[in-house]
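Colleague: One structure coming up, written as C-alpha cells, with questions to follow.
Any read-out appearing in this document is the output of simple, stated calculations on the displayed coordinates, not a laboratory observation. Just so we're clear, the structure is a prediction, and the values are computed from it rather than from any experiment. Positions of Cβ are generated from backbone atoms using ideal geometry, with glycine treated the same way; all protein chains shown enter the neighbour counts.
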Amino acid sequence: MVNVFTEIIINSPHEKVAQYAANPDHAPDWYVNIKTAEWQTDKTLQAGSKIAFIAEFLGRRLEYVYEIAVYIPGQKLVMKTADGPFPMETIYTWESINENQTRMTLRNKGVPSGFSKIFVPFMSLMMKKANKKDLIKIKEILEKQKLEN
C-alpha cells in the first residue's frame, strides 16, 4: 500500500489556505504534476462532485477522475479516484496555529494493482518528494498573495 503523509506551515490565515487549496481550479497552479483539472459536475465543491485531472508522474501521462467523498469546509477534503490507473485517496486537512498561520496536511494512499505493485516503495518515495514540492509551492503562492494584499 502507498501511504504518503506530508505537512507544512503556511503563513496565511486558515480560511484563505483552505479555500484556495480545496478549489480544484487551483490544482494545476500548485501541484507539480497536475497539468489540467476539469469539472465533470457543477462547480460546487461537495460530496459527489467529480473532477477530471491530467497529470504527469514518473514520465507517464495519467488521466483520472476524483470524486469528492468528504468535504468539511475549512477542515477536511477527501477525494477518491472514481476512474484512473489505480485506486487512490487524497486527504487535505487544515488547522489554525494562530490567526496568521495554518498547518496543512496532504495524504495520498492507495493500493496499486498489477505491474505497479512492485514499484510501491519507489512510488511512495517519489510521491513524498512531489507532495513536499506541492506544499512548498502552495505556501509560496499564498504567502505572496498575503504580501500583495
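Colleague: Kindly put 142, 147, 45 in sequence by how many other C-beta atoms sit within 10 Å of each C-beta, fewest to most.
Modeller: Working: 142 21, 147 9, 45 17.
Ordered from fewest to most neighbouring Cβ atoms within 10 Å, 142, 147, 45 come out as 147, 45, 142.
Colleague: Quick one: Debye curve from the C-alpha atoms of the chain, no solvent, what's log10 I(q)/I(0) at q = 0.09, 0.20 Å⁻¹?
Modeller: -0.27, -1.33
Colleague: With +1 on each Lys and Arg Cβ and -1 on each Asp and Glu Cβ, and nothing else charged, work out how big the dipole of the chain is about its Cα centre, in Debye to the nearest 20.
Modeller: Computed about the Cα centre, the dipole is about 520 debye.
Colleague: Using helices alone, I'd like the mean residue ellipticity at 222 nm for the chain: each DSSP H run of four-plus residues gives -39500 (n - 2.57), total over residue count, nearest 500. Intermediate values should be presented prior to the final figure.
Modeller: Numbers: 3 runs with 42 residues, N = 149.
About -9000 deg cm²/dmol.
Colleague: Could you identify which residue out of 72, 136, 34 has the top mean-square fluctuation in a GNM of the chain using Cα springs shorter than 10 Å?
Modeller: Of the options given, 72 has the highest mean-square fluctuation.
Colleague: Related question: Which lysines have a Cα less than 16 Å from the Cα of residue 133, not counting those fewer than 8 places away in the same chain?
Modeller: The qualifying lysines are 35.
Colleague: Along the charge dipole of the range 1-126, pointing to its positive end and built from +1/-1 on Cβ of Lys, Arg, Asp and Glu, which listed residue (78, 57, 31) has its Cα farthest out?
Modeller: 57
Colleague: Return the loop-located GluC sites (Glu not before Pro) in the range 1-103 (DSSP other than H, G, I, E, B) with at most 13 other Cβ atoms within 10 Å of their own Cβ; answer none if there are none. Don't jump to the answer; show the numbers that get you there.
Modeller: On the way: sites: 7, 15, 38, 56, 63, 67, 89, 95, 99; in loops: 99.
Sparse-neighbourhood loop GluC sites (Glu not before Pro): 99.
Colleague: With Cβ to Cβ distances under 13 Å as the rule, what net charge do the other residues near residue 80 carry (K, R +1; D, E -1)? All intermediate terms of the calculation are to be shown ahead of the outcome.
Modeller: Numbers: positive: 50, 107, 109; negative: 67, 83, 89.
Around residue 80, the surrounding residues sum to 0.
Colleague: So how tilted is helix 120-148 from the main axis of the chain? Cα-based, degrees 0 to 90, rounded to 10.
Modeller: 20
Colleague: If we count every other residue with Cβ under 10 angstrom of residue 25's Cβ, Lys/Arg +1 and Asp/Glu -1, where does the sum land? Kindly include the intermediate steps, with their values, before the conclusion.
Modeller: On the way: positive: 43; negative: 29, 38.
Charge balance in the 10 Å sphere: -1.
Colleague: Among the lysines, which fall within straight-line cross-link reach of residue 129, defined as a Cα-Cα distance under 17 Å, with same-chain neighbours fewer than 8 residues apart omitted?
Modeller: Reachable lysines: 109, 137, 139.
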